[in-house]
Structures are given as C-alpha cells and as structure tokens.
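As structure tokens, the structure follows; a few thoughts come after it.
The values are calculated or read from the model by the stated rules, or taken from the named source; none is laboratory data. Because the structure is a prediction, the values reported are computed rather than measured. Methodologically, a virtual Cβ is constructed for each residue, glycine included, from the backbone with ideal geometry; neighbour enumeration extends over all protein chains shown. Areas reflect the complete protein model, heavy atoms only, side chains present, ligands, DNA and RNA absent. Shrake-Rupley method; radii C 1.70, N 1.55, O 1.52, S 1.80 Å.
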Amino acid sequence: MVKQITFKDLYQREKDKPTPVQSFIERVATVTEKSPNTVRQWATGQQVPDALTRKHIAKEFGVDPETLFPNN
C-alpha cells in the first residue's frame with residue numbers, strides 16, 4: 001500500500017526540521033548547560049563565555065580553547 005501524502009505535507013515536514021545553525025546552537029547549549037539565547041550572544045560577539053565554558057566548547061569540537069574567542 002502506497003502512503004498518501006500531499007506535496008505540501010512533504011514540504012512542511014522539511015520546513016519543520018531544524019537548520020544546521022539551530023542544531024549547532026542546541027548542541028553548544030546542551031554541552032555548556034546554557035540557554036540557546038546565551039549561545040547566540042556568544043556567536044554574535046555580544047558576550048563571551050567564562051573560561052570553564054570555553055573549555056567545554058573546545059573539548060566538544062576538538063579545538064584549542066584560546067582560539068575560540070580571539071578578541072577576549
């Protein structure tokens with residue numbers, strides 16, 4: 001039996017998926033136990049996380065914590 005679904009439904013299903021940026025923000029928020037809003041502020045340069053948080057982010061992505069926020 002063929003599943004019956006409209007093209008609009010297929011489109012909406014795809015539209016409801018998180019974007020790569022949203023997934024990144026959620027990943028960092030989970031690792032750091034901070035809010036997604038806080039992570040967005042780090043990403044836009046409005047705030048800089050504390051040293052321990054930078055270490056957690058660096059560990060998650062396998063990078064040097066000193067290079068994550070160079071203007072710090």
(Q) With every protein chain kept in place and ligands, DNA and RNA left out, what is the accessible area per residue of the chain? Probe 1.4 Å, answer in Å². (A) 84 Å²
Q.
Tell me the carbon and sulfur percent of the accessible area for the chain, rounded to whole percent, probe radius 1.4 Å.
A. 54 percent
Q) Angle between the Cα long axis of helix 20-32 and the longest principal axis of the chain, 0 to 90 degrees, nearest 10? A) 50 degrees
Q: Mind pulling the angle between the C-alpha long axis of helix 51-61 and the longest principal axis of the chain? Nearest 10 degrees, somewhere in 0 to 90.
A: 50 degrees
Q: Round to the nearest 0.05 the FRET efficiency obtained for Val63 and Lys15 when R0 = 35 Å and r is the Cβ-Cβ distance.
A: 0.65
Q: Report the accessible area of Thr38, computed with a 1.4 Å probe over the heavy atoms of all protein chains in place, in Å² rounded to the nearest 10.
A: 40 Å²
Q) When the helices in the chain are scored as -39500 (n - 2.57) per DSSP H run of 4 or longer and the sum is shared across all residues, what 222 nm value do you end up with, to the nearest 500 deg cm²/dmol? A) -17500 deg cm²/dmol
